[in-house]
Amino acid sequence: MKKGIIIIFFTLIGLITFIFIYSNNKLTVFDYYSPYESKAYVNNKDREMSFDIYTKEKDSLLLNKDMNTYTLYLDDLSIVLEDIRISSFDLGDYYLIRVYSLMPGFSDMEYKSEECNLEIKNPKYTVKLKYGKISFLKEDAYPLASISGLYGSYSYMNGILIMSGINIILSNHFSYLGSIRIGNTCFGTLSSAIFDLQMENICDITKIIPSYNPKKVEKDHIIGLESNTLFIPLGYKEITLLRSGYIMLTLDDKTYYIDTFDFMTNAYDFNDYKDMMIKGEVIYAWAYHCWKEI
């Protein structure tokens, strides 16, 4: 009887010790999300680029720039980002962490990457986040186009607002337009362009262009410029969110660019765009070391 009591006693002591150690070492796990968003920047050493991260964690370690290293992974490059600054916004259900850094330098006139991933590493964990395509254009690569007006029009596609077209007013007279694209993401469908039309910021593009297909990519299609004011629908190589970017256009056989333009200034609401949010991979330091030991 006494032996049984002793066994039960030590079993309970062991169980209590295990619970105590486990509870003190247990990690509170938070998820991190990135909007699947394409980016296009006119490269300038004094300009910043930014990356958005959504989480329910209020006081995330990601906010402490001195504890983290931020590495950008492109198709064939890895770049440790410099001059980091962080902003945080309370959006209700989620917190938005916005990471700013100076732009990296490229020797190419226009550097295009099909993939863009951000890795944030601190002593506790590493977060790997996926974004859309990214491109960088040297500011002296092409002449700057002169415009009198520019804004984007967004339409609902499967319940999500996607930029479906751009409204542009050219300042100078040209005979024809041969191509137009935004960064490495989407191309103007010039065969469906409409002159002297300015669409609303949020519209149903199918009411104007019933055959509109956001996946139709038309890289080149020459149209005569009947007017300097026109609406141009957009086709995507891959459907992604698009908030800002530079524009490349060919006018009378000469290539011009329009500097980085903000088509959307507000942050994405997580719940409205949840189907375009990519859950990041979180690797905890203790798990990594345990795996190495095994």
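Derivation of every value follows stated rules applied to the coordinates shown; laboratory data play no part. These figures come from a predicted structure and were not determined experimentally. All Cβ positions, glycine included, derive from the backbone under ideal geometry; neighbour counts span all protein chains shown.
Between helix 2-25 and the chain there is an angle of about 30 degrees, using the helix long axis and the longest principal axis of the Cα atoms.
Taking square-rooted eigenvalues a ≥ b ≥ c of the alpha carbon gyration tensor, is the range 122-238 rounded, prolate or oblate, where a/c under 1.5 means rounded and, failing that, a/b exceeding b/c means prolate? Walk me through the intermediate numbers first.
Working: a/c = 2.19, a/b = 1.41, b/c = 1.55.
Here the range 122-238 falls in the oblate category.
Amide H contacts under 5 Å for Tyr176: Leu225, Asp252, restricted to partners 5 or more places along the chain or on a different chain, H placed in the peptide plane at 1.01 Å from N. For Ser164, nonlocal amide neighbours, meaning residues 5 or more places apart or on other chains whose placed amide H falls under 5 Å from its own, are Ser153, Tyr154, Ser155. The alpha-carbon of Lys215 sits under 18 angstrom from the alpha-carbons of these aspartates and glutamates, leaving out residues fewer than 8 places away in its chain: Glu37, Glu114, Asp204, Glu238, Asp275. Quick one: which residues, 5+ away or cross-chain, put their amide H under 5 Å from the amide H of Gly280? H built at 1.01 Å from N. Sorted by chain and number, the residues that satisfy this are Tyr32, Tyr33, Ser34. Highest-first packing order for the peptide set 138-147, 112-121 is 112-121, 138-147, based on the mean count of other beta carbon atoms within 10 Å. Calculated mean residue ellipticity, 222 nm, the chain: -4000 deg cm²/dmol, from DSSP H runs (n ≥ 4) at -39500 (n - 2.57) each, averaged per residue and rounded to 500.
Spatially close Lys pairs in the range 32-138, defined by Cα atoms under 15 Å apart and a spacing of eight or more places or different chains, total 10.
Under the combined filter of DSSP loop state and at most 15 neighbouring Cβ atoms within 10 Å, the range 196-294 retains these GluC sites (Glu not before Pro): Glu200, Glu226, Glu238. Each residue of the range 167-176 is assigned a 3J(HN,Hα), and the resulting list reads 10, 9, 10, 7, 7, 9, 8, 10, 7, 8 Hz, derived from the Karplus form 6.51 cos²θ - 1.76 cosθ + 1.60 (θ = phi - 60°), x at Gly and Pro. Length gained on full extension, Phe30 to Arg85: 17.6 nm, using 0.36 nm per residue less the C-alpha separation.
Indicate, rounded to the nearest 5 percent, the antiparallel portion of the DSSP beta bridges found entirely in the chain. If you can, show how the numbers build up before the last one.
Values: 77 of 86 bridges.
Around 90 percent of the beta bridges assigned by DSSP in the chain are antiparallel ones.
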